[in-house]
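Bear in mind these aren't lab numbers, they're just calculated from the coordinates by the rules spelled out. Nothing here was measured: the structure is a model prediction, and the numbers come from that model. Glycine also receives a Cβ, built like all others from the backbone with ideal geometry; neighbour counts cover every protein chain displayed.
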C-alpha cells in the first residue's frame, strides 16, 4: 500500500501544473477580445481544471489513507464501517488492500489525463488567440 501511496503522491505535481495552467487561462481570457476558438479553448481549460481539482483532492486523500491504513482485513473493515456510518460509502463488501490500491491508481491515471487535457485545451486557446492577434497586424 505504501508503494501505491508514493505513486499517488506524484499527483501533487500534476495538480500544481493544473493550477498554473488555470492561472494562465484566466489571465489570457481577460486580455481583450478573443476569437470564439480562443475563448472556447480557454473556457474548456478552466472547466477541466475544476474536474482536475476534484480528482487531485481524491488522489491526495487516497495517498494519505494508503499511508496510514493497515493492510489487514480487520482494519479495512473498520474503516469501511466508519465511512458507512458517516454516509460516505454505501454498504457493500469490504475491499482488500489490493483492490483499494488498484482503484486509487486508476483515479490517479484519470487525474493525469484531466491534467493533460486541461493543458492541451489551454494550448489550443492560446494558439487561437495568437493566430487571431497575428492576423490583425
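A compact table of results
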| read-out | value |
| --- | --- |
| Cβ-derived FRET efficiency at R0 30 Å, residue 134 paired with residue 54, nearest 0.05 | 0.25 |
| C-alpha long axis of helix 73-85 to longest principal axis of the chain, angle in ° | 60 |
| For the chain, built as a Gaussian network whose Cα springs stay under 10 Å, the top-fluctuating residue of 11, 77, 26 | 77 |
| Extension gain, residue 36 back to residue 72 (0.36 nm per residue minus Cα-Cα distance, nm) | 7.5 nm |
| Computed label-point distance, nm, for sites residue 110 and residue 61 using a 7 Å Cα→Cβ extension | 1.2 |
| Helix-derived mean residue ellipticity, 222 nm - over the chain, DSSP H n ≥ 4, -39500 (n - 2.57), to 500 | -28500 deg cm²/dmol |
| Principal-axis tilt of helix 97-135 within the chain, Cα atoms, nearest 10 degrees | 0 |
| Residue of 111, 74, 16 that the Gaussian network model of the chain assigns the largest fluctuation, springs spanning Cα pairs under 10 Å | 74 |
| D_trans [Stokes-Einstein, Kirkwood Rh over alpha-carbon pairs] for the chain, 25 °C, 0.890 mPa s, µm² s⁻¹ | 146 |
| Degrees, to the nearest 10: 11-28 long Cα axis against longest axis of the chain | 30 |
| Among 102, 12, 89, residue whose mean-square fluctuation peaks in a GNM of the chain (springs only between Cα atoms under 10 Å) | 89 |
